[in-house]
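Bear in mind that the values in this text are calculations on the coordinates, not laboratory data. Treat the numbers as computed from the prediction; the structure is a model and nothing was measured. Using ideal geometry, Cβ is built from the backbone for each residue, glycine included, and neighbour counts are taken over all protein chains shown.
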Amino acid sequence: MPERDLTSESVVPTSGKTWGLRFSLCAMMVIVALLAGVFGYLSYYRPAMCQVHYQVATLAIDEVDRLGLKFHAVEDSPYQWVLDDEQAIADLLKQQQSPQPPFYQKQYPVANWPRQADSYSYIRHVSVDEITPAQASGEFAGFWGVQNAGGQMKFRAEAQIAHRQPAEKTVDDQRSGRYDEVQGKLFYEGALPKNYLVFAAPINKTQYHILLVEVSEVSESDPATYQPGTKPLPPTIPENPTST
């Protein structure tokens, strides 16, 4: 009988030690897996910097459609987007800058993902005819984002935008004070544009409202300096003192 008691008593502490060892090993494996996940995430998604330069203008619908660019719809918005690697839209804007400069342009550094806030507004005095003064105006409120995902640069744009301008008089309608207006959502998330990201929406039967976005990667060692092979853009000033 004493031998049986000694044998049964020795089983209890041995079983407890085994369970404790298993629990420790499981906890260690969970911690290692969590640390591996965290370090994997941090090594895959890395911070990045870019410089965003954009222009706001209008272009003739027939001139843009003639380029044959394949625009992509933005859900629940009159605006569409396209990556213009051939800078065809930019060339059209350059052709009209002398008689009709952009309504607004801006250069803006971006170093966050997915949202870094940005906004603007503008008012420009325009002439409907020789004696009728009027104004064109617009606003933008939204976010830019940039990151390095597995060695690939990603860019994001999300905003609300609006533009209004005096309506052109027609033979059938000679009333003054009428305005053409377009407003809606902008959205893009994908590869960093090689040249230009373009958003466009018709403001009337003859013109598109255009947001032309150029994105350049910036050196991490000096955010104010572009990487080799790119040229810094000159500082820009809004066209009208009332712009912000």
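For this structure, a couple of remarks:
- Sum of side-chain charges, Ala191 neighbourhood, beta-carbon under 15 Å (Lys, Arg +1; Asp, Glu -1): -2
- Over the Cα atoms of region 112-170, the radius of gyration divided by the Kirkwood radius equals 1.28; this is the Rg/Rh ratio.
- FRET efficiency for Gln100 and Ala73, using Cβ-Cβ distance with R0 set to 22 Å, rounded to 0.05: 0.20
- All other residues whose Cβ lies under 13 angstrom from that of Leu92 are scored, Lys and Arg at +1 and Asp and Glu at -1, for a net of -4.
- Within-10-Å neighbourhood charge of Arg156 [Cβ basis; K, R +1; D, E -1]: 0
- Pairwise Cα separations in region 56-182 fall into 5 Å bins from 0 onward with the following percentages, short to long: 2, 8, 14, 17, 21, 17, 11, 5, 3, 2, 1, 0.
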